[in-house]
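S.K.: Following this message is one structure expressed as structure tokens.
The values are calculated or read from the model by the stated rules, or taken from the named source; none is laboratory data. Keep in mind it's a predicted model, so treat the numbers as computed, not measured. Here the Cβ positions follow ideal geometry from the backbone for every residue, glycine too, while neighbour counts run over all protein chains shown. Note: accessible area is taken over every heavy atom of the protein model, side chains too, but ligands, DNA and RNA are not part of it. Shrake-Rupley method; radii C 1.70, N 1.55, O 1.52, S 1.80 Å.
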Amino acid sequence: MKPMSILRRRADLLAYVPLAAATTVAAVVGKPRTHLVSKMLLAPTLAGGVLATRNGRSTARTATLTAALVGSVVGDWFMNRSEVSAPESPERRHFMRRGASAFAVQQSGLLALLLSDGVRPKVGAAATAGTVMAGLGALELGSTGEPDPVLTGYGLLLGSMSALSMSDGRPPRARRAVALGGGLFLLSDAAIIVGEHVAKTPRHRAVVSGIVLSTYTAALALLVHGLRDDPDQTPPHREATPA
């Protein structure tokens, strides 16, 4: 593929990468308004790229990715509301549950695409995702005393998506991006949960925010761009001319 063609297909990244950097830096240095504005533009920017290149894929694939990114936008909004709520408050937990419900739409869309592409979990990837999610579940259970059905349901979707995406190691470069994106998404959500328990000072919270947002923004772009096109789609070959 020619460089200009690649640039046109990935033009949304020219806006997404600066937004991702601004989102992460604003959270680390404590600029909540800048952080909120830039974060709320992340998923719409990728959705714009999906719609701009819709002629290169099926309508169903475009619709699924767009719906997943809508879930991302709503989830980001509620997660931001939870972040500015008082720690350990009922309001914070309420917004976290709303955010998890929206992100469940995102994870369901990604899962649907992976399954339709024929990806199936490998033992190593499934064991990694399962171990991480079990550890996070035990950490949450130890602090709350009982499992939250909404957060638990989201965790199962996240673990399944991560296990599948990390199992997708087919040769095309985009599909390796899917595997990396799934791993980073798992790391990002793990950092959120662990950070809730270990980040007690402003400096520690800033470090956790940097880890969470840098891994989340990278994971979202890798997954969306890796899953935008059918992995079995190949460019047409010219027929050989007879000698």
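S.K.: Please go through (1) more than 17 Å from the chain's Cα centre (by Cα); (2) open to solvent by less than 50 Å² (accessible area, probe 1.4 Å) for PHE103 and return the number of the only condition it doesn't satisfy.
M.R.: The one condition PHE103 does not meet is (1).
S.K.: Go through LEU156, LEU223 for me and flag whichever is within 25 Å of SER116 (Cα to Cα), surrounded by fewer than 22 Cβ atoms within 10 Å (Cβ to Cβ) and hydrophobic (A, V, I, L, M, F, W, C).
M.R.: Numbers: LEU223 fails: surrounded by fewer than 22 Cβ atoms within 10 Å (Cβ to Cβ).
One residue alone meets the criteria, LEU156.
S.K.: Condition first: closer than 16 Å to GLY182 by Cα, in contact with a helix residue (DSSP H, G or I) (Cβ under 9 Å, 6 or more places away or on another chain) and among the aliphatic types (A, V, I, L, M). Can you find one or more residues in region 73-90 that meet it?
M.R.: Within region 73-90, the first condition is being closer than 16 Å to GLY182 by Cα, and the residues that meet it are none.
Within region 73-90, none of the residues are closer than 16 Å to GLY182 by Cα, in contact with a helix residue (DSSP H, G or I) (Cβ under 9 Å, 6 or more places away or on another chain) and among the aliphatic types (A, V, I, L, M).
S.K.: Among the residues of region 191-203, write down those that are within 21 Å of THR217 (Cβ to Cβ) and part of a helix (DSSP H, G or I). Talk me through it step by step, then tell me what you get.
M.R.: Initially, region 191-203 is screened for residues within 21 Å of THR217 (Cβ to Cβ), giving 191-196, 199.
Result: ALA191, ILE192, ILE193, VAL194, GLY195, GLU196.
S.K.: Okay, moving on. Which residue, of VAL208, VAL212, is surrounded by fewer than 20 Cβ atoms within 10 Å (Cβ to Cβ), in contact with a Gly (Cβ under 8 Å, 6 or more places away or on another chain) and in a helix (DSSP H, G or I)? Write out each step before concluding.
M.R.: Working: VAL212 fails: surrounded by fewer than 20 Cβ atoms within 10 Å (Cβ to Cβ).
Going through VAL208, VAL212 in turn, just one is surrounded by fewer than 20 Cβ atoms within 10 Å (Cβ to Cβ), in contact with a Gly (Cβ under 8 Å, 6 or more places away or on another chain) and in a helix (DSSP H, G or I): VAL208.
S.K.: Here is a follow-up. So, of the residues in region 133-153 that are open to solvent by less than 50 Å² (accessible area, probe 1.4 Å) and part of a helix (DSSP H, G or I), which turns out to be farthest from GLY99 (Cα to Cα)? Give the derivation first.
M.R.: Keep residues of region 133-153 that are open to solvent by less than 50 Å² (accessible area, probe 1.4 Å), which gives 133, 135-137, 140, 148, 150-151, 153.
Now drop any that are not part of a helix (DSSP H, G or I), which leaves 133, 135-137, 140, 150-151, 153.
Details: MET133: 18, GLY135: 21, LEU136: 18, GLY137: 18, GLU140: 17, VAL150: 10, LEU151: 9, GLY153: 12 Å.
It comes out as GLY135.
S.K.: Six or more apart or on different chains, Cβ atoms under 6 Å: show the pairs whose first residue is in region 57-71 and under 20 Å from ARG9 (Cβ atoms) and whose second is open to solvent by 20 Å² or more (accessible area, probe 1.4 Å).
M.R.: ARG57/ASP229; THR62/ARG54; THR64/ALA112
S.K.: Then there's this: Report yes if ARG98 is part of a helix (DSSP H, G or I) and in contact (Cβ under 8 Å) with a residue 12 or more places away in the chain, otherwise no. Show your work before the answer.
M.R.: Working: part of a helix (DSSP H, G or I): yes; in contact (Cβ under 8 Å) with a residue 12 or more places away in the chain: yes.
Yes.
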